[in-house]
Amino acid sequence: GNSVTQMEGPVTLSEEAFLTINCTYTATGYPSLFWYVQYPGEGLQLLLKATKADDKGSNKGFEATYRKETTSFHLEKGSVQVSDSAVYFCALPPSGGSYIPTFGRGTSLIVHP
Amino acid sequence: EAQVTQNPRYLITVTGKKLTVTCSQNMNHEYMSWYRQDPGLGLRQIYYSMNVEVTDKGDVPEGYKVSRKEKRNFPLILESPSPNQTSLYFCASSLSGSGGRNIQYFGAGTRLSVL
């Protein structure tokens with residue numbers, strides 16, 4: 001079945017630092033890939049997505065590129081802000097006869113002023 | 001405004017006292033689901049529903065029930081809660097359960113404590 005592996009957190013950075021959160025996946029075929037963000041006290045919301053190989057999803061200064069060769073979808077941001085402090089989830093949609101999406105375990109990001 | 005609404009946001013109860021967490025969406029989505037979120041375990045799906053009167057087990061269904069009598073509502077029922085069901089619960093919906101591009105929309109969460 002599908003699986004998603006994310007780097008363990010928490011990731012602690014100073015404001016304006018560069019961010020990378022690694023995500024690799026195992027899936028049948030070439031699924032869409034998603035990053036969701038969960039701000040403190042809130043539900044998850046879509047941050048960005050990519051629907052095919054070499055696509056780059058982007059939103060709010062975050063980017064992730066769908067790399068078929070390395071089965072990866074790493075999240076990056078050039079200059080983080082305190083307001084980016086949240087938990088980030090890499091996710092796969094349902095596929096292969098399953099109707100259950102696959103989420104990574106989440107990576108907590110803490111940004112200090 | 002498109003949204004998924006869960007109630008209550010916080011709930012403290014005692015072992016064995018039946019409870020229901022409600023979930024409603026206003027986007028005419030076919031697919032709805034419940035997750036629990038626990039430290040170190042991430043999100044795990046409890047039950048999902050492909051449409052009215054169509055429900056199926058997710059990864060951790062034991063101790064939970066659901067029903068889908070109307071398209072917009074998908075309540076989660078704990079008939080005899082136990083302390084190991086203390087968790088943060090999320091309801092989610094998407095346009096359909098198939099089609100790999102569907103975005104999921106999440107409620108704000110219900111924090112449940114079972115004493």
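General remarks:
- Check on A:S83, surrounded by fewer than 21 Cβ atoms within 10 Å (Cβ to Cβ) and touching a residue at least 40 places away in the same chain (Cβ under 8 Å): no
- Some residue of the stretch B:65-80 being more than 10 Å from the chain's Cα centre (by Cα), of a type in the set (G, A, S) and within 19 Å of B:Q6 (Cβ to Cβ): yes
- Among the residues here, B:V66 does not qualify as touching a helix residue (DSSP H, G or I) at 6+ places or on another chain (Cβ under 7 Å), surrounded by 14 or more Cβ atoms within 10 Å (Cβ to Cβ) and at pLDDT 95 or above.
- Per-region count, the stretch B:77-107, residues among the aliphatic types (A, V, I, L, M) and over 24 Å from A:L92 (Cβ atoms): 2
- For the stretch B:61-83, the tally of residues that are closer than 16 Å to B:G97 by Cα and among the aromatic types (F, W, Y) stands at 1.
- Tally, over the stretch A:5-49, of residues that are without any contact (Cβ under 8 Å) to a residue 60 or more places away in the chain and more than 10 Å from chain B (Cβ to nearest Cβ): 10
- Scanning the stretch A:49-80 for residues that are among the polar types (S, T, N, Q) and within 27 Å of A:H112 (Cβ to Cβ), we see that the one that is surrounded by the fewest Cβ atoms within 10 Å (Cβ to Cβ) is A:S79.
- Flag for A:V111 being surrounded by 14 or more Cβ atoms within 10 Å (Cβ to Cβ) and in contact with a helix residue (DSSP H, G or I) (Cβ under 7 Å, 6 or more places away or on another chain): yes
- None of B:G58, B:G42 is within 8 Å of chain A (Cβ to nearest Cβ), more than 17 Å from B:N102 (Cβ to Cβ) and crowded, with 16+ Cβ neighbours inside 10 Å except B:G42.
- Matching entry among B:L76, B:L95 (being touching a residue at least 40 places away in the same chain (Cβ under 8 Å) and in contact with a His (Cβ under 6 Å, 6 or more places away or on another chain)): B:L95
The values are calculated or read from the model by the stated rules, or taken from the named source; none is laboratory data. Owing to the predicted nature of the structure, the values given are computational and were not obtained by experimental measurement. Glycine also receives a Cβ, built like all others from the backbone with ideal geometry; neighbour counts cover every protein chain displayed.
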